[in-house]
Amino acid sequence: MCYMWANGLLDYTDDGQYAPAAPLSRGTLADAVGQLTGQSAAVEELLAAMGGFDPAASITREELVVLLYRCTQALGGDVSVGEDTNILSYADAAQVSESAMAAMQWACGAGVISGKDGALDPAGSATRAEVAAMLMRFCQFVL
């Protein structure tokens, strides 16, 4: 999480806490990914397409992966690593939405996401710590 704060991508919560276990809001995520990619308006549009853009709403791990996948595509990045990535070793791979399967395979293959106790937890809310880790890996391995 320090990487995100040091680079001005994530801030403290409104009550001045790190709150690593708290869910991250879509508004905070839009700001962070917009800063990383230089595409703030496009990021908000992508989030709106995934269930509306309510800045206060939290985001799931699957939605975060789809957002980063689409940002990578929009920036002309290579998402082909996911084509050969098998995610069936994760206990809950069948819970990944059909529309998010390519994005989840890409994220696993690119090292952007790792499992949580042998699971992907696609429907779980992405915590601030999880988002920080995924964004740091996105910066390292993708951008």
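The values are calculated or read from the model by the stated rules, or taken from the named source; none is laboratory data. Values in this document were obtained by computation on a predicted structure and should not be read as measured data. Counting neighbours? That spans all protein chains shown, and the Cβs are built from the backbone with ideal geometry, glycine included.
Points to keep in mind about this one:
- Which listed residue, of ALA48, ALA56, ALA42, is of a type in the set (Gly, Ala, Ser) and outside any helix (DSSP H, G or I): ALA56
- Close pairs from region 55-71: first at pLDDT 90 or above, partner among the polar types (S, T, N, Q) and part of a helix (DSSP H, G or I), Cβ under 8 Å, at least 6 apart: VAL66/SER99
- Selection within region 110-143: residues that are in a strand (DSSP E or B) and either under 17 Å from TYR90 (Cβ atoms) or among the aliphatic types (A, V, I, L, M) (or both). The member of this set that is modelled with the lowest pLDDT is LYS116.
- Residue within region 101-117 that is more than 13 Å from LEU68 (Cα to Cα), charged (D, E, K, R) and touching a residue at least 24 places away in the same chain (Cβ under 8 Å) present: no
- Within region 88-109, considering residues that are in a loop (DSSP other than H, G, I, E, B) and more than 17 Å from the chain's Cα centre (by Cα), the one surrounded by the most Cβ atoms within 10 Å (Cβ to Cβ): TYR90
- Meets criteria (modelled with pLDDT of 80 or more, among the polar types (S, T, N, Q), over 14 Å from GLU130 (Cα atoms) and out of contact with any strand residue (DSSP E or B) (no Cβ under 9 Å at 6 or more places or on another chain)) for THR28: no
- Candidate set from region 72-87 (those that are assigned to a helix (DSSP H, G or I) and free of Cβ contacts under 8 Å to residues at least 60 places away in the same chain); member that is surrounded by the most Cβ atoms within 10 Å (Cβ to Cβ): GLY82
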